Amino acid sequence: MQGQNQQQAYDRGITIFSPDGRLYQVEYAREAVKRGTASIGVRTSDGVVLAVDKRIRSPLMERSSVEKIHKADDHIGIASAGHVADARQLIDFARRQAQVNQLRYGEPVGVETLTKEITDFIQQYTQVGGARPFGVALIIGGIVDGEPRLFETDPSGTPYEWKALAVGADRGDIRDYLEEHYDEGMDLDAGVDLALAALASVTDDGLTPEGIGVATVDAETETFGQLTDEEKRAHLTEADLLAAAEDADADEDDTEE
């Protein structure tokens, strides 16, 4: 009982380390990330792919209001998992920093530079009393001088660079799938297929174009763009990942035509 009471005392403040060197509030923030729907990043030779599970709770909800993929700059995209409101604050910060860099130096901000500016900002909230850590993890992908880069931010304020990664729910299972199927030489389309297959690997009913979000940052053009529902449907159909109900609706439409 005494040990439990001691733990409760240490997790009341973000600025207090426990005797074994843990910051419980940061660990709780990581748990908040795990409760969010999955987001995936894949780095290919031709660019970066971001894919997210945009799970819709009700058919009455407007799909466009569920934002998990964001454009930070023309050459950088960001996907999130965890508290959406926290993600929005960090996305706004990232956009401001990208514009500051453009105005100050006359050139686009580097992906690694922007990531570290975001994680420095996150880290401040792990050592200030009266504030809580951000309960969100970001996947930041972009192009620098034709080279694709892919980073993750952690609620502790630590940046990691990856070839492919997942954050949010089922992170471990998705990472296992990526480790087994990832190929550094794949092109951008193959990267999209891999990200969608990884999402589908933890879903029993298949995927729908409306229930996912996919964006790419092309290395040749260095531009961020999101796939349309038709493009997502084409990838899902070709990879046989389309949900059965969606497949039946598509066949019905073909019959009516």
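The single condition from (1) in contact (Cβ under 8 Å) with a residue 12 or more places away in the chain; (2) open to solvent by less than 70 Å² (accessible area, probe 1.4 Å) that E161 fails is (2). Taken as a whole, the stretch 88-103 holds no residue that is acidic (D, E), modelled with pLDDT of 95 or more and touching a strand residue (DSSP E or B) at 6+ places or on another chain (Cβ under 9 Å). Number of residues in the stretch 93-107 that are open to solvent by less than 80 Å² (accessible area, probe 1.4 Å) and either touching an Asp or Glu at 6+ places or on another chain (Cβ under 9 Å) or β-branched (V, I, T) (or both): the value is 7.
In the stretch 44-81, which residue that is of a type in the set (D, E) and more than 22 Å from L241 (Cβ to Cβ) is surrounded by the most Cβ atoms within 10 Å (Cβ to Cβ)? For the stretch 44-81, the residue satisfying everything is D73.
Okay, residues lined up against (1) assigned to a loop (DSSP other than H, G, I, E, B); (2) of a type in the set (A, V, I, L, M, F, W, C):
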residue	(1), (2)
K71	no, no
A87	no, yes
E107	yes, no
G130	yes, no
L138	no, yes
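Six or more apart or on different chains, Cβ under 7 Å: which pairs go from a residue in the stretch 1-24 that's within 13 Å of P133 (Cβ to Cβ) to one that's open to solvent by 80 Å² or more (accessible area, probe 1.4 Å) and at pLDDT 75 or above? Could you list them? Taking only residues 6 or more apart or on different chains, the pairs are I14/R132; T15/Q127; L23/F17. Only a single criterion out of (1) part of a loop (DSSP other than H, G, I, E, B); (2) without any contact (Cβ under 8 Å) to a residue 24 or more places away in the chain; (3) touching a strand residue (DSSP E or B) at 6+ places or on another chain (Cβ under 9 Å) is not satisfied by G36, namely (2). The residues of the stretch 16-33 that are assigned to a loop (DSSP other than H, G, I, E, B) and among the aromatic types (F, W, Y) amount to a single one, F17. Of all residues in the stretch 217-249, those satisfying the criterion of being out of contact with any helix residue (DSSP H, G or I) (no Cβ under 6 Å at 6 or more places or on another chain), open to solvent by 10 Å² or more (accessible area, probe 1.4 Å), touching a residue at least 24 places away in the same chain (Cβ under 8 Å) and within 20 Å of I139 (Cβ to Cβ) are D218, A219, E222, T223, F224, Q226, L227. For beta carbons closer than 7 Å, sequence separation of 6+ or different chains, a first residue in the stretch 193-207 that is free of Cβ contacts under 8 Å to residues at least 40 places away in the same chain and a second that is β-branched (V, I, T), the qualifying pairs are S201/I174. Checking each residue in the stretch 109-128 for being without any contact (Cβ under 8 Å) to a residue 60 or more places away in the chain and open to solvent by 10 Å² or more (accessible area, probe 1.4 Å) picks out G110, E112, T113, K116, E117, D120, F121, Q123, Q124. Among the numbered conditions (1) farther than 29 Å from T221 by Cα; (2) at pLDDT 95 or above, the only one that T126 does not meet is (2). Scanning the stretch 129-157 for residues that are open to solvent by 50 Å² or more (accessible area, probe 1.4 Å) and either among the aromatic types (F, W, Y) or free of Cβ contacts under 8 Å to residues at least 60 places away in the same chain (or both) gives G130, D145. Of the set (1) over 30 Å from E184 (Cα atoms); (2) among the charged types (D, E, K, R); (3) surrounded by fewer than 14 Cβ atoms within 10 Å (Cβ to Cβ), all apply to D86 but (3).
The values are calculated or read from the model by the stated rules, or taken from the named source; none is laboratory data. Remember, predicted model here, so these are calculated numbers, not experimental data. Counting neighbours? That spans all protein chains shown, and the Cβs are built from the backbone with ideal geometry, glycine included. We work out accessible area using only protein heavy atoms, side chains counted, and drop any ligands, DNA or RNA first. Shrake-Rupley method; radii C 1.70, N 1.55, O 1.52, S 1.80 Å.
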